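Encoded as structure tokens, the structure appears first; notes follow it.
The values are calculated or read from the model by the stated rules, or taken from the named source; none is laboratory data. None of these values were measured; they are calculated from a predicted model. No Cβ is skipped: glycine too gets one built from the backbone with ideal geometry, and neighbour counts run over all protein chains shown. Keep in mind that these areas ignore ligands, DNA and RNA; they rest on the heavy atoms of the full protein, side chains included. Shrake-Rupley method; radii C 1.70, N 1.55, O 1.52, S 1.80 Å.
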Amino acid sequence: MKTYKKKNFPVTKIRRFLEPGPIVLVSSAHKGERNIMTMGWHMMMEYSLIGCYIWTRDHSRTLIEKSGECVFNIPEVALAPTVVKIGNSTGAEIDKFATYGLTAEDADEVGAPLIRECFANFECRLVDRSLIKKYSLFVFEVVKAHVAPSPKFPKTIHYRGDGRFMISGEETARWRRLFKPEMLEG
Ligand SMILES: Cc1cc2nc3c(=O)[nH]c(=O)nc-3n(C[C@H](O)[C@H](O)[C@H](O)COP(=O)(O)O)c2cc1C
């Protein structure tokens with residue numbers, strides 16, 4: 001089996017290897033105002049909960065804390081330039097839907113809009129505020145999911161820091177037979 005000779009590595013850069021799932025666009029709304037932020041720091045917490053980090057300086061944080069809702073929208077790689085622009089501007093100054101030509105659609109369960117140009121939209125309710133003050137950690141429950149049936153394996157983008165992205169690649173079930181049946185449920 002392959003082994004590796006390693007060197008010291010800066011702790012501040014370990015995100016390059018652990019960065020979680022696809023970059024998402026989080027949309028929010030409160031009292032007639034709407035917004036979008038780019039997010040890489042999120043994780044699944046079992047099947048329908050999502051934990052994520054939202055910086056104190058993000059305008060989205062105010063809208064999400066006040067409304068208790070948001071939508072996680074997942075873009076494909078073609079939207080990457082827009083994703084970067086959204087993450088490098090603030091809704092405190094511009095309407096990002098209008099500025100970046102994105103279409104807001106009404107959600108079913110929450111006030112925050114769905115982004116039509118994303119292949120998946122997950123409507124979320126904020127269910128735990130206890131770690132917000134200490135860690136800026138928000139815990140959401142997905143209350144409704146909308147997913148395009150095609151493409152079956154969308155090309156998502158994954159942030160590695162320092163302006164670099166990884167684009168999702170090959171899909172395989174090569175190791176599926178190594179799973180216990182119960183581990184494949186859900
Ligand atoms: C690739 C990328 C990933 C980002 N991930 C996060 C994140 O996980 N959490 C966060 O608070 N900000 C993240 N940001 C920064 C916000 O998207 C950025 O501060 C944004 O401008 C906030 O917009 P707002 O002020 O309109 O809410 C990321 C930005 C980029 C470009």
Given R₀ = 30 Å, FRET efficiency for Thr56-Lys155 by Cβ-Cβ distance, to 0.05? 0.40
Karplus-derived HN-Hα couplings along segment 175-185 (A = 6.51, B = -1.76, C = 1.60, θ = phi - 60°), whole Hz, x at Gly and Pro: 9, 4, 5, 7, 7, 5, x, 5, 6, 9, 6
Could you calculate the FRET efficiency of Phe179 with Val127 from 1/(1 + (r/R0)^6), where r is the beta carbon distance between them and R0 is 35 Å, rounded to 0.05? 0.75
Other residues with Cβ under 15 Å from the Cβ of Asp95 give, with Lys and Arg +1 and Asp and Glu -1, a net charge of +2
What residues have an amide H closer than 5 Å to that of Ala112, excluding those fewer than 5 places away on the same chain, when H is modeled at 1.01 Å from N in the peptide plane? Ala29
Distance between modelled label sites at Thr12 and Met45, nm, 7 Å Cα→Cβ extension: 2.8 nm
Looking at His30, Leu184, Phe119, which one has the Cα that reaches farthest to the positive end of the dipole of the chain (charges on Cβ: Lys, Arg +1; Asp, Glu -1)? Leu184
Using modelled amide H (1.01 Å from N, peptide plane; none on Pro or chain starts), what sits under 5 Å from the amide H of Met45, excluding residues fewer than 5 places away? Ile50, Gly51
Computing the accessible area with a 1.4 Å probe over protein heavy atoms, can you report the carbon and sulfur percentage for the chain? 54 percent
Hey, any idea what Rg/Rh is for segment 70-180, computing Rh the Kirkwood way over Cα pairs? 1.01
Rounded to whole Å², per residue accessible area for segment 1-145 with a 1.4 Å probe reads 59 Å²
Go ahead and estimate [θ] at 222 nm for the chain from helices alone: -39,500 (n - 2.57) per DSSP H run with n ≥ 4, summed, over the residue count, rounded to 500. -3500 deg cm²/dmol
Amide hydrogen neighbours beyond the local backbone of Gly21, cut-off 5 Å, H modeled: His42
When all alpha-carbon pairs of segment 16-128 are counted, what percent fall beyond 20 Å? 34 percent
log₁₀ of I(q)/I(0) at q = 0.15, 0.16, 0.22, 0.24 Å⁻¹ - segment 1-54, Debye sum with one point per alpha carbon: -0.65, -0.71, -0.96, -1.02
